[in-house]
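Below is one structure; the comments refer to it alone.
The values are calculated or read from the model by the stated rules, or taken from the named source; none is laboratory data. All of these numbers come straight from a predicted model, not from anything done at the bench. As a convention, Cβ positions derive from the backbone with ideal geometry for all residues, glycine included, and neighbour counts pool all protein chains shown. For accessibility, only protein heavy atoms count, side chains too; no ligands or nucleic acids. Shrake-Rupley method; radii C 1.70, N 1.55, O 1.52, S 1.80 Å.
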Amino acid sequence: MNKILEVNNVSAGYGSEVVLKNVSIEVFENDFIGVIGPNGGGKTTFLKLLLGQLQPMQGAIHHFPLNEGETLFGYLPQTSNIDKKFPITVQDVVLSGLLSPKRFFGSHTKANKHKAAELMQMAGVLHLASKSIGELSGGQLQRTFLCRALIADPRLLVLDEPNTFVDNKFEKELYELLKELNKQMAIIMVSHDVGTITSYVKTIACVNRSLHYHKSNKISQQQLASYDCPLQIITHGKVPHTVLLDHKETLTPNPK
Amino acid sequence: MFTILQEILEYQFLQNALWASVLVSVAAGIVGSYITSRRMVFLSGGITHASFGGIGIAYYFGINPVMGALVFAILSAFGIEALANRKTVREDSAIGILWAFGMAIGIIFVFLTPGYAPNLMNFLFGSILTVTQSDLLMLLALDVILIALFWLFFNPILFISFDPEFAQTQKVPVKVVQYILTALMAAAIVLSIRVVGIILLISLFSIPPATANFFTKTFKGMILWSIAISLIGTFVGLLASYRVNIPSGAAIIVVFVVMFALAKLVSYTTMRVRIRTENNKLHQA
Ligand SMILES: Nc1ncnc2c1ncn2[C@@H]1O[C@H](COP(=O)(O)OP(=O)(O)OP(=O)(O)O)[C@@H](O)[C@H]1O
Ligand SMILES: [Mg+2]
């Protein structure tokens, strides 16, 4: 298996405040990593670090070379600082995922527009293609951003709470889609829905001021506690503590 | 009408004024759409006023005032970007500081300049009727650069302006593109000051795109509509000022505002009509 990137003992934060300490992780192709942790634990910060939006204070992040024409990252932000009044259409937002230093000139090819249409069809926003983004609902915008993250066929798909705003029908479809996509690309996904994601992800990263990498998708309350990750896993019915999540169980973090 | 055409053909300064308004309209349509989309109207106001400092210094040292203004405008634009990026100062505060500081420096140096007092009113209100060939050439060069850049790099400019944070994850040189566009904005501001003046420049950059916004949802549409609206506004304004003998810059702005109000009215009534027909359909069904 090829390695995509490697984070070596990195600390990072904002200004002089250190948010993440001594983080190390290796990401291989076909990984599907679920990132969990409490609010303010540093999950988004961790993603920004991977994506190069935030520079490490200490340590280094190493990217392994891509094949010709490949795009490294597809990114779906948790909250975007975008201006909803900006004059841009849904189709153009999706196509903007193809922006790269090599594709700096000229206009979109037929093939690219076709690809954008396919993705919008899949995400159920094709009928909105020529609407301006100011006319979308939160969930529709989220779906549009998902298309933008996918259009370049990235090697590593980075999703920050992709299930916010979207209805539960699409959420289910989304997870199935990710499972399919995972055959071609690595995925890192932040979610608070610990119960649900464990049945889709392959490994779990607990982020709370530091990172503990759990190389399995089954995790127990004790393990969470030992990772200093104060989340509650609630199983309905059987198995009080040694937790093996089977696929149908619904587990929710932090009830009340 | 006929006599005006005759006079235009007869007088070089009228021809120059017309060419200047065409060239400024194109620059303002492009740069104004960029400024409006990125919500930098206040920033452009700050740069406009800060450049007055450069004009004052240039007069004091006997340098070409356009050059002085250009240097000041670009430096203050970069200064605002840098201050805002460091996040220690809020962007609007940074703009306010540079706005006032530039004006103060300008006034002090103009005051200190001995002997002949330059006609600063021209820089406040513009002097479209005294535009020279070399002014026109500079505006032409600016337009050519703007059109070429926005033609070749339309998509990157659009996407970086829309979501710079995302663009950064795609490894594109976000900062470089932003700095180049900011420098061009400063250049467009300074060269247009000559024609429309400091006071009225901001409306030229902000009202046509705001009006265009009623008719289009896209950035490209905004640019094209803004250019058209600027052209109509400046022509009608110039004509009015020539006929009634009122200051040209002010006349142009009044025309812009009237066009904005009309556009608002049109978009409002079409919306009402559409709602009514849809209601009627519902009734019949
Ligand atoms: N731009 C910023 N400037 C300063 N501090 C920040 C910034 N963004 C985040 N922080 C701080 O960093 C810490 C981690 O934030 P982060 O957004 O990474 O948390 P998170 O795990 O994604 O939380 P959530 O579950 O709420 O999304 C928080 O304490 C927050 O206050
Ligand atoms: Mg977060």
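Could you look through segment A:29-71, keep only residues that are charged (D, E, K, R) and more than 9 Å from ligand 2 (Cβ to nearest atom), and pick out the one that is surrounded by the fewest Cβ atoms within 10 Å (Cβ to Cβ)?
Taking segment A:29-71 and keeping what is charged (D, E, K, R), we get A:29, A:31, A:43, A:48, A:68, A:70.
So of that shortlist, the ones also more than 9 Å from ligand 2 (Cβ to nearest atom) come out as A:29, A:31, A:48, A:68, A:70.
Values: A:E29: 15, A:D31: 20, A:K48: 22, A:E68: 5, A:E70: 12.
Selected residue: A:E68.
Checking the structure you have, find out if any residue of segment B:180-194 is out of contact with any helix residue (DSSP H, G or I) (no Cβ under 7 Å at 6 or more places or on another chain) and either assigned to a helix (DSSP H, G or I) or surrounded by 15 or more Cβ atoms within 10 Å (Cβ to Cβ) (or both).
Of the residues in segment B:180-194, the ones out of contact with any helix residue (DSSP H, G or I) (no Cβ under 7 Å at 6 or more places or on another chain) are B:180.
Now drop any that are not either assigned to a helix (DSSP H, G or I) or surrounded by 15 or more Cβ atoms within 10 Å (Cβ to Cβ) (or both), which leaves B:180.
Checking segment B:180-194: at least one residue is out of contact with any helix residue (DSSP H, G or I) (no Cβ under 7 Å at 6 or more places or on another chain) and either assigned to a helix (DSSP H, G or I) or surrounded by 15 or more Cβ atoms within 10 Å (Cβ to Cβ) (or both).
Could you list, in sequence order, the residues of segment A:85-116 that are open to solvent by 30 Å² or more (accessible area, probe 1.4 Å), within 20 Å of B:G221 (Cβ to Cβ), more than 8 Å from chain B (Cβ to nearest Cβ) and within 24 Å of the chain's Cα centre (by Cα)?
A:Q91
Tally time: how many residues in segment A:117-149 are open to solvent by less than 20 Å² (accessible area, probe 1.4 Å) and more than 13 Å from chain B (Cβ to nearest Cβ)?
5
Applying the selection to segment B:245-276, what residues are modelled with pLDDT of 85 or more, open to solvent by less than 100 Å² (accessible area, probe 1.4 Å) and more than 24 Å from the chain's Cα centre (by Cα)?
Within segment B:245-276, B:V266, B:S267, B:T269, B:T270, B:V273 meet the criteria.
Is there a residue being open to solvent by 20 Å² or more (accessible area, probe 1.4 Å) and either modelled with pLDDT of 95 or more or at the interface with another protein chain (Cβ under 8 Å from one of its Cβ atoms) (or both) anywhere in segment B:159-167? Outline the logic, then answer.
Going through segment B:159-167, the residues open to solvent by 20 Å² or more (accessible area, probe 1.4 Å) turn out to be B:164-165.
This time we only want the ones that are either modelled with pLDDT of 95 or more or at the interface with another protein chain (Cβ under 8 Å from one of its Cβ atoms) (or both), so: B:165.
Yes - at least one qualifying residue is present in segment B:159-167.
Looking at segment A:169-188, can you tell me whether even one residue there is at pLDDT below 90, more than 16 Å from ligand 2 (Cβ to nearest atom), in contact with an Asp or Glu (Cβ under 8 Å, 6 or more places away or on another chain) and away from chain B (no Cβ under 14 Å)?
no
Let's see how each residue does on (1) open to solvent by 10 Å² or more (accessible area, probe 1.4 Å); (2) in a helix (DSSP H, G or I); (3) farther than 15 Å from B:V190 by Cβ:
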residue	(1), (2), (3)
B:V24	no, yes, no
B:G46	no, yes, no
B:A50	no, yes, no
B:I55	no, yes, no
B:Y60	yes, yes, yes
B:F78	yes, yes, no
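Against the condition under 21 Å from the mean Cα position of the chain (by Cα), within 14 Å of chain B (Cβ to nearest Cβ), of a type outside the set (K, R) and open to solvent by 70 Å² or more (accessible area, probe 1.4 Å), how does A:N81 come out, does it pass? Spell out how you get there, then give the answer.
Numbers: under 21 Å from the mean Cα position of the chain (by Cα): yes; within 14 Å of chain B (Cβ to nearest Cβ): yes; of a type outside the set (K, R): yes; open to solvent by 70 Å² or more (accessible area, probe 1.4 Å): yes.
Considered against the rule, which asks whether it is under 21 Å from the mean Cα position of the chain (by Cα), within 14 Å of chain B (Cβ to nearest Cβ), of a type outside the set (K, R) and open to solvent by 70 Å² or more (accessible area, probe 1.4 Å), A:N81 comes out as yes.
Select from segment B:26-44 the residues that are more than 14 Å from every other protein chain (Cβ to nearest Cβ) and farther than 14 Å from B:V190 by Cβ and write down the one among them that is most open to solvent (accessible area, probe 1.4 Å).
Result: B:F42.
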